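Asks: Can you keep this structure in mind? I'll have questions shortly.
The values are calculated or read from the model by the stated rules, or taken from the named source; none is laboratory data. Being a predicted model, the structure only gives us computed values, none of them experimental. Positions of Cβ are backbone-derived with ideal geometry, glycine not excepted, and every protein chain shown enters the neighbour counts. Just so you know, the surface numbers come from the protein's heavy atoms only, side chains and all, with ligands and any DNA or RNA stripped out. Shrake-Rupley method; radii C 1.70, N 1.55, O 1.52, S 1.80 Å.
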Amino acid sequence: MILNVGITQPYMHDGTLETLWDVMDHYNKGGEANLFLDGGMEPLALTEKEIDQVVAFLFALTDDRFASENRRQMELQRAKAQKNRPFRDEQMANRKKLPFEDRITK
């Protein structure tokens, strides 16, 4: 369920992603290589504008009773995302690099 997702950070099953921009960056690049997953996740190749639009949509799914906290969290997360996007990888998102390349080129 993604209702109220804007005010329920951190994200993912283990809480490793701090912002919805991090979540979008994770999925945009096709996730992380993991032997225990089916490998069916594909890069999305979303533009920065499209990522911002999806994040805005996700914040719009918050109950009106939490409107002030939702606005506060959106601004906090936006500020964090403007400073640091550790999961962003445009080359992988746009298929200019394959997930295994970093492992074999070292």
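Asks: Mind counting the residues in the stretch 15-40 that are open to solvent by 80 Å² or more (accessible area, probe 1.4 Å) and farther than 23 Å from Thr62 by Cβ?
Replies: Residues meeting the conditions: 5.
Asks: Go through the stretch 58-85 residue by residue and tally those that are open to solvent by 80 Å² or more (accessible area, probe 1.4 Å) and either under 16 Å from Asn28 (Cα atoms) or outside any helix (DSSP H, G or I) (or both).
Replies: So the answer is 1.
Asks: Gln9: in contact with an Asp or Glu (Cβ under 7 Å, 6 or more places away or on another chain) and outside any strand (DSSP E or B), yes or no?
Replies: yes
Asks: Return the pairs, sorted by first residue and then second, in which the second residue is not in a loop (DSSP other than H, G, I, E, B), the first residue lies in the stretch 27-38 and is among the polar types (S, T, N, Q), the beta carbons are less than 7 Å apart, and the residues are 6+ apart or on different chains.
Replies: Asn28/Ile51; Asn28/Ala93
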